[in-house]
Ligand SMILES: Nc1nc2c(ncn2[C@@H]2O[C@H](COP(=O)(O)OP(=O)(O)O)[C@@H](O)[C@H]2O)c(=O)[nH]1
Ligand SMILES: [Mg+2]
């Protein structure tokens with residue numbers, strides 16, 4: 001049982017780890033993206049980079065189990081300069097690296113800030129796991145949980161800490177709903193019932209500006225962080 005989930009209910013100003021760097025400067029806001037394999041975390045990270053990079057100084061840390069594939073995808077897509085994309089290889093248990101032993105990820109975010117800083121924002125993508133993977137509040141200040149309509153429209157109803165406690169729940173791939181027989185209205189209602197005080201966004205990255213609502217949410221968090 002992981003009791004640190006309770007902190008997820010804190011408001012936008014909630015801060016996990018120390019908000020300052022050793023030199024006293026404010027460190028970057030860190031936002032984690034978790035959720036099942038294939039739900040669209042890397043695609044959401046790529047889309048956020050494209051939308052935010054002109055006016056936000058940002059970097060990305062990816063977590064993969066045995067490879068650097070997500071980082072390599074982002075490098076090939078050239079969503080950011082290469083020095084702003086770092087990869088952590090987590091080994092067998094991807095949620096351990098974002099929840100229990102966060103040292104490799106902390107080192108990666110700190111190295112990015114040392115090497116390319118000052119940064120406003122660092123996105124940390126989890127290795128992708130199941131419905132229970134959540135981030136330690138010592139690693140990220142806020143977390144987004146990404147599920148998709150193709151994974152089954154009963155996922156919001158089934159709950160789990162990602163669905164119920166993440167600061168933002170994203171239901172991705174709404175464009176696929178007609179093909180997989182998922183009922184979007186029911187998914188949205190179930191998601192809202194699971195997290196009555198926390199936001200839910202349905203998106204399709206196949207649409208133009210599909211990531212727009214999530215980008216707005218990130219900008220609001222950034223505004224609260226720098227205020
Ligand atoms: N149709 C559709 N496909 C998507 C969408 N978002 C992501 N994908 C695709 O879903 C697959 C898995 O996405 P990815 O971002 O790698 O998932 P991750 O494992 O959560 O990082 C890729 O082929 C993406 O192009 C979406 O909104 N609609
Ligand atoms: Mg990925």
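Per this entry, residue 190 is not counted among residues that are closer than 19 Å to residue 31 by Cα and either buried (at least 18 other Cβ atoms within 10 Å of the Cβ) or touching a strand residue (DSSP E or B) at 6+ places or on another chain (Cβ under 9 Å) (or both).
For the structure I just gave you, tell me whether residue 103 is modelled with pLDDT of 90 or more, under 27 Å from residue 57 (Cα atoms) and either in contact with a strand residue (DSSP E or B) (Cβ under 9 Å, 6 or more places away or on another chain) or surrounded by 22 or more Cβ atoms within 10 Å (Cβ to Cβ) (or both). No; evaluated as a whole, the condition is false for this residue. With respect to the conditions (1) more than 13 Å from ligand 1 (Cβ to nearest atom); (2) part of a loop (DSSP other than H, G, I, E, B); (3) farther than 14 Å from residue 84 by Cα, residue 39 falls short on a single one, namely (1). Filtering 172, 130 for residues that are surrounded by fewer than 16 Cβ atoms within 10 Å (Cβ to Cβ), in contact with a strand residue (DSSP E or B) (Cβ under 8 Å, 6 or more places away or on another chain) and under 25 Å from residue 68 (Cβ atoms) leaves a single hit, 130. Give, as residue ranges, the strands (runs of 3 or more DSSP E) completely inside the stretch 70-176 that count at least 1 residues that are closer than 20 Å to residue 203 by Cα. By residue number, 121-125, 142-148, 168-172.
Please verify whether residue 185 is touching a residue at least 12 places away in the same chain (Cβ under 8 Å), away from ligand 2 (no atom under 16 Å from the Cβ) and either surrounded by fewer than 19 Cβ atoms within 10 Å (Cβ to Cβ) or over 18 Å from the mean Cα position of the chain (by Cα) (or both), treating the condition exactly as stated. No, not satisfied.
Scanning the stretch 80-95 for residues that are crowded, with 17+ Cβ neighbours inside 10 Å, farther than 12 Å from residue 61 by Cβ and away from ligand 2 (no atom under 13 Å from the Cβ) yields a total of 1.
Under the condition of being touching a helix residue (DSSP H, G or I) at 6+ places or on another chain (Cβ under 6 Å) and more than 13 Å from ligand 2 (Cβ to nearest atom), which residue from the stretch 59-78 is farthest from residue 144 (Cα to Cα)? Top of the filtered list is 75.
The values are calculated or read from the model by the stated rules, or taken from the named source; none is laboratory data. The structure presented is a predicted model; accordingly, all values stated were derived computationally and were not measured. Here the Cβ is made from the backbone with ideal geometry for all residues, glycine too, and neighbour counts use every protein chain on show.
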